[in-house]
Amino acid sequence: MKRRDFITHTAAASTLVGLGGLSLNSCSGSGAKKLTILHTNDVHSHIDPFPSSHSRYPNLGGIARRAQLVEQIRNENPNTLLFDAGDIFQGTPYFNFYGGELEFKLMSKLNYDASTIGNHDFDNGIDGLLAQMPHATFDMISANYDFSNTVMEGLVKPYKLYLVDGIKIGVYGLGIAFDGLVTKRLYKETQYLNPFEIALDMERQLKEGEQCDLVICLSHLGYSYENPERPSDVQLAQRTYHTNLIIGGHTHTFLERPDVRINKNGDSVLVNQVGCYGLNLGRIDFYFDNDKNASASGVSILV
């Protein structure tokens, strides 16, 4: 699928998929546990809403509105996690002036749980990214960027574990190749590793080693490309075994609802991306029965 450059003007569009053969009706009764995953991607330093005179996105977006939505959903379901799929930086004068400090401080105020790293997050170089790390109370996650022998060594985790209402969630991150996107002087000695190989290692460790009930990938690979050799979220979903949800970024793809792909085990994988600039907030609700079988529904909320 090519990049879809449109905004859904409905408040929410939903999809329902059974994971492990569980239907929504069977998990909506007593004993079901509900986990809510909220997510953004490619916000690109857009702090304020677009002006009402904007030709494409009039009066849309803004981090204050997103904060209200997140608070409302957390009040509805305290079992909520909030993630970002990268490209936090670059796009407005806020980044040019503050260098990412404001973005990290505001995301921290929203209590983001983790983000992966996008190519534009290197725009002030690896030293510029390091300088902003003290302002982030959330974890930076990337499994295929090797920061050994760089100033960022030890500051980026390959994955993070969360225990929410007895449900164990493993989250790993993947970043895009630097070639053609980030110059060597910016990423310096950072090593890019094959995302498919790393994903298989990560999901195996999370599912079999850590015994996670849910495995999530924060990806900045891009949704899909015409070139089948270029790594993408769609390919990742089809090549993995244990990843349940891929939260994507980079291609600014506006999906009305999560895409459903089939993995190597023949199970459903959700792939979602909510455009760019903070115009939408992604929401995925997972329902677990007493045996921790799961089903999920997804919505894209216009901010």
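Those residues that are part of a loop (DSSP other than H, G, I, E, B) and touching a helix residue (DSSP H, G or I) at 6+ places or on another chain (Cβ under 9 Å), I need them from region 71-97; list them, please. Working first, answer last.
At the first step, the residues of region 71-97 found to be part of a loop (DSSP other than H, G, I, E, B) are 77-79, 85-92.
Of everything in region 71-97, those that are part of a loop (DSSP other than H, G, I, E, B) and touching a helix residue (DSSP H, G or I) at 6+ places or on another chain (Cβ under 9 Å) turn out to be Gly86, Asp87, Ile88, Phe89, Gln90, Gly91.
Does any residue in region 39-67 that is farther than 28 Å from Asn124 by Cα and free of Cβ contacts under 8 Å to residues at least 40 places away in the same chain come within less than 7 Å, Cβ to Cβ, of a residue that is of a type in the set (A, V, I, L, M, F, W, C) and surrounded by fewer than 22 Cβ atoms within 10 Å (Cβ to Cβ) six or more places away or on a different chain, and which pairs are these?
Cβ pairs passing all conditions: Pro58/Phe50; Asn59/Phe50.
For region 28-64, how many residues meet the condition of being part of a loop (DSSP other than H, G, I, E, B), modelled with pLDDT of 95 or more and hydroxyl-bearing (Ser, Thr, Tyr)?
So the count comes out to 5.
Count, please, the residues in region 169-185 that happen to be in contact (Cβ under 8 Å) with a residue 60 or more places away in the chain, within 28 Å of Ile37 (Cβ to Cβ) and surrounded by fewer than 20 Cβ atoms within 10 Å (Cβ to Cβ).
1
Within region 145-168, track down each residue that is buried (at least 22 other Cβ atoms within 10 Å of the Cβ) and within 29 Å of Phe288 (Cβ to Cβ).
Tyr159
When you look at Gly266, is it buried (at least 18 other Cβ atoms within 10 Å of the Cβ) and either of a type outside the set (A, V, I, L, M) or more than 20 Å from Gln72 (Cβ to Cβ) (or both), yes or no?
no
What's the number of the condition Leu255 fails, among (1) in contact with a Leu (Cβ under 8 Å, 6 or more places away or on another chain); (2) of a type in the set (A, V, I, L, M); (3) crowded, with 20+ Cβ neighbours inside 10 Å?
Here Leu255 clears every test but (1).
Output yes when any residue across region 186-204 is closer than 21 Å to Asp285 by Cα, in contact (Cβ under 8 Å) with a residue 12 or more places away in the chain, surrounded by 20 or more Cβ atoms within 10 Å (Cβ to Cβ) and within 19 Å of the chain's Cα centre (by Cα), and no when none is.
Of the residues in region 186-204, the ones closer than 21 Å to Asp285 by Cα are 203.
Those still in the list that are in contact (Cβ under 8 Å) with a residue 12 or more places away in the chain too: 203.
Filter once more, so that each one left must be surrounded by 20 or more Cβ atoms within 10 Å (Cβ to Cβ): 203.
Adding the requirement that they be within 19 Å of the chain's Cα centre (by Cα) leaves 203.
Looking for residues that are closer than 21 Å to Asp285 by Cα, in contact (Cβ under 8 Å) with a residue 12 or more places away in the chain, surrounded by 20 or more Cβ atoms within 10 Å (Cβ to Cβ) and within 19 Å of the chain's Cα centre (by Cα), one finds at least one in region 186-204, hence yes.
Among the residues of region 16-23, are any closer than 30 Å to Pro134 by Cβ, outside any loop (DSSP other than H, G, I, E, B) and modelled with pLDDT of 60 or more?
No, region 16-23 contains no residue that is closer than 30 Å to Pro134 by Cβ, outside any loop (DSSP other than H, G, I, E, B) and modelled with pLDDT of 60 or more.
State which residue is nearest to Asp121 (Cα to Cα) when the search covers only region 243-286 and only residues that are without any contact (Cβ under 8 Å) to a residue 60 or more places away in the chain and assigned to a loop (DSSP other than H, G, I, E, B).
Thr243
Among Gly166, Gly154, Gly99, Gly125, which is the only one that is on the phi > 0 side of the Ramachandran plot and free of Cβ contacts under 8 Å to residues at least 12 places away in the same chain?
One residue alone meets the criteria, Gly154.
Condition test on Ser219, is it over 15 Å from Val171 (Cα atoms), crowded, with 18+ Cβ neighbours inside 10 Å and modelled with pLDDT of 95 or more?
For Ser219, the condition - over 15 Å from Val171 (Cα atoms), crowded, with 18+ Cβ neighbours inside 10 Å and modelled with pLDDT of 95 or more - is not met.
Looking at region 252-280, which of the residues that are closer than 14 Å to Ser219 by Cα and of a type in the set (S, T, N, Q) is farthest from the chain's Cα centre (by Cα)?
Filtering region 252-280 for residues that are closer than 14 Å to Ser219 by Cα and of a type in the set (S, T, N, Q), the one farthest from the chain's Cα centre (by Cα) comes out as Thr253.
Given the conditions (1) surrounded by fewer than 18 Cβ atoms within 10 Å (Cβ to Cβ); (2) part of a loop (DSSP other than H, G, I, E, B), and given that Gln68 satisfies all but one, which numbered condition is not satisfied?
It fails just one condition, (2).
The values are calculated or read from the model by the stated rules, or taken from the named source; none is laboratory data. Everything numeric in this text was worked out from a predicted model, so none of it was measured. We place every Cβ from the backbone using ideal geometry, glycine too, and count neighbours over all the protein chains shown.
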